[in-house]
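The values are calculated or read from the model by the stated rules, or taken from the named source; none is laboratory data. This is a predicted model, so every value here is computed, not measured. For neighbour counting, all protein chains shown are included, and Cβ atoms are generated from backbone atoms with ideal geometry for every residue, glycine included. Ligands, DNA and RNA are excluded from the accessible area calculation, which covers all protein heavy atoms including side chains. Shrake-Rupley method; radii C 1.70, N 1.55, O 1.52, S 1.80 Å.
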Amino acid sequence: MIAIIDYDAGNLKSVEKALIRLGESPVVTRERETLLNADKVILPGVGAFGDAMKNLENFGLVDVIHEVVEKGTPFLGICLGLQLLFERSEESPGVPGLGILKGDILRIPDAPELKIPHMGWNSLQLSGDGRLFRGIEGEPYVYFVHSYYLKAAEEEIVKASTWYSTTIHASVEQGNVFACQFHPEKSSDVGLRILKNFAEV
């Protein structure tokens, strides 16, 4: 069973629908026992870093997420869910993230003729050994919506990057923890393949 964490951060329905299309039976929940007993857990999300961390704390989910990860359950962060896995974000100074992975969330630098937020399709440069990208070749296009981006502290966890005013670490993997800055659930067949790969980890 794949559990989708409900912490009032939006974007749950599209992730749920994509998983159903793949033949999965996802459960949207914030119940501790359900999350701890799930085969896989997904943390989606859109919105502001500080608000999201506050919601996770209010619902008692910070400790639960750490327990799930420490237990070895495959865990996937999507968009804001990726950002929350790291230590801090320029969007919300002084608000600590989950700190499961090392790195900073920075504002995308202004650049001529580039709009922020970054909304739209960008190609990925794959490192070649990302388990989420099994069976995906070339430079696949995926869909992004974000104003802040990941600069991971450890290059070896970065499995896909893109360029938008700067190098953006678009997907990371470390042990049982996976994360995508882009939206696989909105990225057509490539995105469905990524979610299928996660479901089969």
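Per-structure values
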read-out	value
Cα centroid separation, the range 1-48 to the range 115-153 (Å)	21 Å
Solvent-accessible area, 1.4 Å probe, carbon plus sulfur percent, for the chain	48 percent
Projected label distance in nm at E90 and K17, using a 7 Å step from Cα toward the beta-carbon	3.3 nm
Efficiency of FRET from Cβ geometry, H66 and L106, R₀ 30 Å, rounded to 0.05	0.80
At R0 = 35 Å, FRET efficiency that the Cβ-Cβ distance of S123 and E33 yields, to 0.05	0.30
Whole-number accessible area per residue in Å² for the range 72-151, which is evaluated in the context of all protein chains at 1.4 Å	48 Å²
Under 5 Å, built H, 5+ apart or other chain: amide partners of I42	A3, I4, I5, L76
FRET E, pair K151, R131, Förster distance 25 Å, beta-carbon r, rounded to 0.05	0.70
Nonlocal amide H pairs with A170, under 5 Å, H built at 1.01 Å	A160, S161, T162
Potential lengthening between K115 and S165 on full extension [0.36 nm per residue; Cα-Cα distance subtracted]	17.0 nm
Proximal charge balance of G103 [Cβ under 15 Å; K/R count +1, D/E count -1]	-3
